[in-house]
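Any read-out appearing in this document is the output of simple, stated calculations on the displayed coordinates, not a laboratory observation. All values derive from a computational prediction rather than experimental measurement. Don't worry about glycine lacking a Cβ; one is built from the backbone with ideal geometry, like all the others, and counts go over all protein chains shown.
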Amino acid sequence: MAILSEEQTMLRDMAREWTKKENPVGAFRKLRDADADSGYDADVYAQMAEMGWSGVIIPEAHGGSDFGYMSLGLVLEETGRSLTASPLLASALGAASALILGGSDAQKGAWLPKITGGEVIGTLAIDEGPRHNPGKNETSVSGGKLSGTKMFVPEGMSAGLFIVAAADGVYLVDGSADGVTRSGRSMVDQRGWAEVTFDGAVADKLAAGGGDLLDQILDRARIGAAAEMLGMASQAFDVTLAYLKQRVQFNQVLSSFQALQHRMADLFGEIELMRSAVENGLAALDDNRGDIAMAASQAKAVASDAIHHMSKEAVQLHGGIGMTDEYDIGFYLKRARTLEQLWGSSAFHRDRFALLNDY
C-alpha cells in the first residue's frame, strides 16, 4: 500500500466522507432514473470543482494545485466506491493531461483554467471502431479543419472540449464549433457516452510532447480508469462481505460456510494485487519513470480482470436478489463492463505489455 503524505491522507478522507454523505450510490440511482443526457449531475460536479478535485494535476499557474496523479487517483478510488457519476476521469485527468503534455502556453492558458474550475468538460475522442485500436485512425486534418467519426466517447454529450486523435497527431476541437455532431449512445452504465462526428471542424494541434503524445495521454487515462475500478472492487467486496455476514441459510449465516470463505479470500487477494498495480502506475506518473507505458498496461490489465471477477462474484454471492434492480450491487457490474473496455481491454494490454518487453 502506498505511503501517503499528510495532505494526501486528508484529501482521501475528505473524498470518502463527501461521497458517503453527499453522493452515495443512491444518488446515482436517482440520476439514472432521471435519464439525464449528460450522464452526471452538473451541480454535483460543480461541488467537486469547488473542492479542487478538477484541478489536482493542473499547475498552480492555471488555477490547479499540482498535487500529482497519486492524489487524483485517491479521489477517483473514492468516487468509484460510490459510483459517483462525474467527468473527473475524462476531463480532470484525460483532457487535462493532454494539455499539460502537449499544449502550447496559449492552449494551456485558454483551456486549463476552465477545466480546473469545472466551467468546461474535456474528453478524449480516440476510437473509430467497436474495439480500442488507437493505431487505426482515419480521422484527417486539412487546412486546419478536422473530419472523422469517433465512437464511444466518454462524456461526449456534455464535452466542451474534445482531445481528438487524428492520423497525424492530436488535436483540440471546441465542442461548440461548427461541424461537431453528437449522437448519444445508451450503455449499461447509464453515463454520457456518445458517437461524435467531426465534419470540417476547426482544429488546433497539440504540437508538443513528441511523436508518442497519444500514448502518453492514453496511459495516464488508463491508470486513472484503473484507480476508479479499484474503488469499485473494494466497495463491491465490502458490500458482499456484509451481506454474507447477515444472510441466514439453513439456520446459519452464509459467512460461516467454508466454501464461501475461500471465495472471498481469493477475491481479497485479487483486490490487493490490483491495488499494488494501480498504485505502481500512479507512482510511475508522479516520478516520471521510464516504465510508464508498462506500468499503465499492467495496471489496466490487472484492474480489468479483477473488477470483472469481483463484480460477477458479488452478484452471484448475493443470490437471487443480486439480479434485481432493487439492490445496488448490479450497478457495479454494469459500470465495470464499460470501464474494462475503455482505452483497452485486459487482452489488449497483456499483448501490449508483452510487446513492450520484446516477448
- Query: How many nm is it between the label spots at LYS312 and ALA207, if each spot is 7 Å from the Cα in line with the beta carbon?
  - Reply: 5.0 nm
- Query: Radius of gyration and Dmax for the chain's Cα atoms, expressed in Å?
  - Reply: 20.1, 74
- If R0 is 35 Å, what FRET efficiency do you get for ASP178 and ASP43 from their C-beta distance, rounded to 0.05? 0.75
- Which whole-Hz ³J(HN,Hα) couplings does the range 10-23 yield from phi under the Karplus relation 6.51 cos²θ - 1.76 cosθ + 1.60, θ = phi - 60°, glycine and proline marked x? 5, 5, 4, 5, 5, 5, 5, 5, 5, 5, 5, 8, 9, 8
- HN-Hα couplings for the range 107-123 via Karplus (6.51, -1.76, 1.60; θ = phi - 60°), in whole Hz with x for Gly/Pro, come out as 5, 4, x, 6, 10, 4, x, 6, 5, 4, x, x, 6, 10, 9, x, 7
- Query: How many angstrom separate the Cα center of the range 215-261 from the Cα center of the range 81-117?
  - Reply: 30 Å
- Per residue, what volume in Å³ does the Cα convex hull of the range 119-198 take up? 81 Å³
- Intensity falloff of the range 34-175 expressed as log10 I(q)/I(0), Debye formula with alpha-carbon point scatterers, at q = 0.13, 0.14, 0.16 Å⁻¹: -0.56, -0.65, -0.84
- Message: With θ taken as phi - 60° and the coefficients 6.51, -1.76 and 1.60, list the Karplus ³J(HN,Hα) couplings across the range 155-167 in order, rounded to whole Hz; mark glycine and proline as x.
- Response: 6, x, 7, 10, 4, x, 8, 10, 9, 10, 7, 10, 4
- Message: What number do you get for the range 60-128 when its Cα radius of gyration is normalised by 2.2 N^0.38 Å, N = residues?
- Response: 1.12
- Note on the structure: Dimensionless Rg/Rh of the range 94-139, both radii on Cα and Rh by Kirkwood, sits at 1.08
- Run a plain Debye calculation on the range 250-354 (Cα atoms as equal point scatterers, no solvent) and give log10 I(q)/I(0) at q = 0.10, 0.14, 0.17, 0.24 Å⁻¹, rounded to two decimals, same order as the q list. -0.37, -0.65, -0.85, -1.24
- Item | Compactness of the range 194-313 as Cα Rg over 2.2 N^0.38 Å, two decimals | 1.48
- Ranked from highest to lowest mean number of other Cβ atoms within 10 Å per residue, what is the order of the peptides 260-272, 340-352? 340-352, 260-272
- Lys/Arg +1, Asp/Glu -1 at C-beta; the range 244-359 dipole; positive extreme among HIS308, HIS349, GLN261: GLN261
- Within the range 63-79, the residues whose backbone N lies under 19 Å from a label point placed 7 Å from the Cα of GLU6 along the Cα-to-Cβ direction are 67-68, 71
- Say the dipole of the range 119-235 comes from +1 at the beta carbon of Lys and Arg and -1 at that of Asp and Glu; which of ALA221, GLY179, SER140 then lies farthest toward its positive end? ALA221
- Message: Let me spell out the model: positive unit charges on the Cβ of Lys and Arg, negative unit charges on the Cβ of Asp and Glu, origin at the Cα centre of the chain. What dipole size does that give, in debye rounded to 20?
- Response: 820 debye
- Query: Per-residue ellipticity at 222 nm for the chain, helices alone: DSSP H runs ≥ 4 residues times -39500 (n - 2.57), over residue total, nearest 500 deg cm²/dmol?
  - Reply: -17000 deg cm²/dmol
